[in-house]
1. Of the residues in region 47-62, how many are at pLDDT below 75 and buried (at least 22 other Cβ atoms within 10 Å of the Cβ)?
2. Residue under question is E285, and the condition is that it be surrounded by 17 or more Cβ atoms within 10 Å (Cβ to Cβ), away from ligand 1 (no atom under 15 Å from the Cβ) and either under 15 Å from W199 (Cα atoms) or in the same structural domain as R188 (by TED's automatic domain parsing) (or both); does it hold?
3. Given the conditions (1) free of Cβ contacts under 8 Å to residues at least 12 places away in the same chain; (2) farther than 29 Å from P91 by Cβ, which single one is not true for R190?
4. I'd like to check which strands (runs of 3 or more DSSP E) are fully inside region 197-288 and have at least 2 residues that are of a type in the set (S, T, Y) and over 20 Å from the mean Cα position of the chain (by Cα).
5. Considering each residue of region 95-115, count those that are within 19 Å of the chain's Cα centre (by Cα), farther than 13 Å from Q131 by Cα and more than 10 Å from ligand 1 (Cβ to nearest atom), and give that number.
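The values are calculated or read from the model by the stated rules, or taken from the named source; none is laboratory data. Keep in mind it's a predicted model, so treat the numbers as computed, not measured. Heads up, the Cβs are rebuilt from the backbone with ideal geometry, glycines too, and the neighbour counts pull from every protein chain shown.
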Amino acid sequence: MKYLILFALLAGISATATGALCQEAPTGDQNPAQQPKPYQKMTAEERAASTRAFLGLGAVPDKAAAALGAPLFNANCAVCHGRQARGAMGPSLITSDEVLGDDHGEKLVLYLKDGRPGKGMPSFAAMPDEQLKEIAEFLHLQVEDIANRGAYHVLNILVGNAAKGQGYVEAHCMSCHTTQTFAHIGSRFRSSEQLQKGWIWPPRTGEDSLAITATVKMPTGSTITGHVTQVSDFRITVVDQAGQTYVIERGPGVEVQINDPLAAHQKWIMTLTSEDMHNVTAYLETLK
Ligand code: HEC
Ligand code: HEC
């Protein structure tokens with residue numbers, strides 16, 4: 001069932017599917033109490049559940065675990081699978097059988113521990129199961145965000161304490177940032193969920209200053225510098241300022257120095273508790 005939906009989504013007919021839900025007319029002379037409630041009259045929670053059931057989306061992702069999984073995914077997986085898991089040099093994980101066939105990590109954790117080293121997917125055997133499960137929940141939430149239109153208005157993540165969040169930001173974020181970073185940050189995103197994703201995991205797209213760059217020293221002594229578009233243990237692809245693409249085998253004598261402007265931020269984000277996270281989001285939301 002799950003597989004069908006995603007093909008449907010890819011074909012762009014998800015709107016029709018949800019539309020069908022809205023129009024589902026009661027048939028025959030059943031007892032009205034047993035008839036499905038019209039979609040328009042449902043509460044937000046009922047809508048999300050109904051869309052979830054209709055699309056066969058499986059288990060409800062654990063949002064708290066997913067939030068902890070986000071920085072782990074970002075640090076360990078995003079370089080190959082893209083920041084929203086939609087694919088880069090590695091495949092999209094939104095449409096992955098390995099992800100869709102899993103509920104709460106019971107299968108995915110085993111897959112991640114083994115990896116497919118022969119095919120460029122590293123083994124994560126050294127990562128604790130708990131963290132692999134959080135990554136699994138993060139992936140399930142990405143699928144949910146894309147597939148479950150009914151859930152779009154359910155999320156209420158403004159559960160933190162803004163005053164505590166302000167205290168946290170002043171004590172812990174200003175060593176690297178100025179008030180300029182946070183000016184009007186609350187109005188830069190269309191929802192508080194987007195805001196939370198945005199500050200935990202700043203989007204790199206289009207922002208030249210946030211791009212991952214590398215300097216590669218070749219055995220001949222020449223160097224190539226540019227944006228990294230792909231990287232693995234074996235190979236790195238760099239696009240230089242002139243737009244020239246270099247695919248470099250990481251053989252003997254090749255020295256690669258990768259510079260990720262967000263590395264320091266991400267390292268820091270790993271130390272946040274989920275309470276800090278909610279408090280900071282509640283505070284940033286007030287900075288309109
Ligand atoms: C160095 C690049 C790289 C990194 C880092 C990486 N992956 Fe992968 N991943 C790949 C490649 C390449 C494949 C495709 C393997 C194949 O063809 O079987 C893959 C496959 C997968 C698949 C299976 C996709 C499918 O349906 O076949 C999952 C799930 C996955 N990766 C999750 C992760 C997670 C989670 C992390 C971080 C903990 C991660 N990967 C880190 C490169 C990477
Ligand atoms: C160890 C240094 C460090 C700490 C601590 C840190 N960050 Fe960052 N952060 C960075 C760097 C470096 C960047 C990327 C360059 C930039 O945009 O300033 C960044 C980027 C950001 C961005 C994106 C800025 C943009 O221009 O889009 C936001 C938002 C952000 N951080 C919020 C926070 C918050 C909130 C905290 C505290 C909970 C925090 N950071 C803690 C180093 C840090």
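1. Our first condition is that a residue be at pLDDT below 75; within region 47-62, this holds for 47-58.
Going one step further and asking which of them are buried (at least 22 other Cβ atoms within 10 Å of the Cβ), we end up with 47-48, 51, 55, 57.
Looking only at that region, the number is 5.
2. Numbers: surrounded by 17 or more Cβ atoms within 10 Å (Cβ to Cβ): yes; away from ligand 1 (no atom under 15 Å from the Cβ): yes; either under 15 Å from W199 (Cα atoms) or in the same structural domain as R188 (by TED's automatic domain parsing) (or both): yes.
Criteria met by E285.
3. Exception for R190: condition (2).
4. 213-217, 223-231, 245-249
5. Result for region 95-115: 1.
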